[in-house]
Amino acid sequence: QVQLVESGGGLVQAGGSLRLSCAASGLPFRTYAMGWFRQAPGKEREFVAAISWSGGTTYYTNSVKGRFTISRDNAKNAVYLQMNSLKPEDTAVYYCAADHTIMPRRQEMEYDYWGQGTQVTVSS
């Protein structure tokens, strides 16, 4: 049974930082590209960042470039999202997702497995 479990969300003031973690189990983690998506209240879920199976290639949505960093530790079956300089518009539920492919992709429909999400709230 595949499980993706996110953690690290919370309430932070604008300008602050959070580090999200996603622990994966039940799948050959090294063969999956991983992504982070988010869904703000009243909005559709959107792509945030993705990383290749090796960690050598990363993609980001424009609004988080220079502020967020995605990384992975294949020995720990984990993927991370370091979020710096947080803004109120970053407030959302953040989801970890796994895509059985080498290179990361931005399209939600390509991902095979999803976590339950972790809430990130940025106050102004």
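Worth pointing out:
- Counting only residues that are among the β-branched types (Val, Ile, Thr) and not in a strand (DSSP E or B), region 100-121 holds 2 of them.
- Summed over region 1-43, residues that are touching a strand residue (DSSP E or B) at 6+ places or on another chain (Cβ under 7 Å), more than 10 Å from Ala78 (Cα to Cα) and small (Gly, Ala, Ser) total 10.
- Selection status of Ala97, in a strand (DSSP E or B) and touching an Asp or Glu at 6+ places or on another chain (Cβ under 9 Å): yes
- For region 39-74, the set of residues classified as of a type in the set (Phe, Trp, Tyr) and closer than 15 Å to Ser85 by Cα consists of Phe68 only.
- Scanning region 5-26 for residues that are touching a Gly at 6+ places or on another chain (Cβ under 7 Å) and either open to solvent by less than 10 Å² (accessible area, probe 1.4 Å) or outside any strand (DSSP E or B) (or both) gives Leu20, Cys22.
- Which listed residue is within 17 Å of Ala23 (Cβ to Cβ), out of contact with any Cys (no Cβ under 6 Å at 6 or more places or on another chain), in contact (Cβ under 8 Å) with a residue 24 or more places away in the chain and not β-branched (Val, Ile, Thr), from Asn84, Asn74: Asn74
- Residues (open to solvent by 20 Å² or more (accessible area, probe 1.4 Å), within 12 Å of the chain's Cα centre (by Cα) and under 15 Å from Val2 (Cβ atoms)) located in region 95-115: Tyr95, Trp114
The values are calculated or read from the model by the stated rules, or taken from the named source; none is laboratory data. Computed from a predicted structure; not experimentally measured. Every residue, glycine as well, gets a Cβ built from its backbone with ideal geometry; the counts of neighbours run over all protein chains shown. Areas reflect the complete protein model, heavy atoms only, side chains present, ligands, DNA and RNA absent. Shrake-Rupley method; radii C 1.70, N 1.55, O 1.52, S 1.80 Å.
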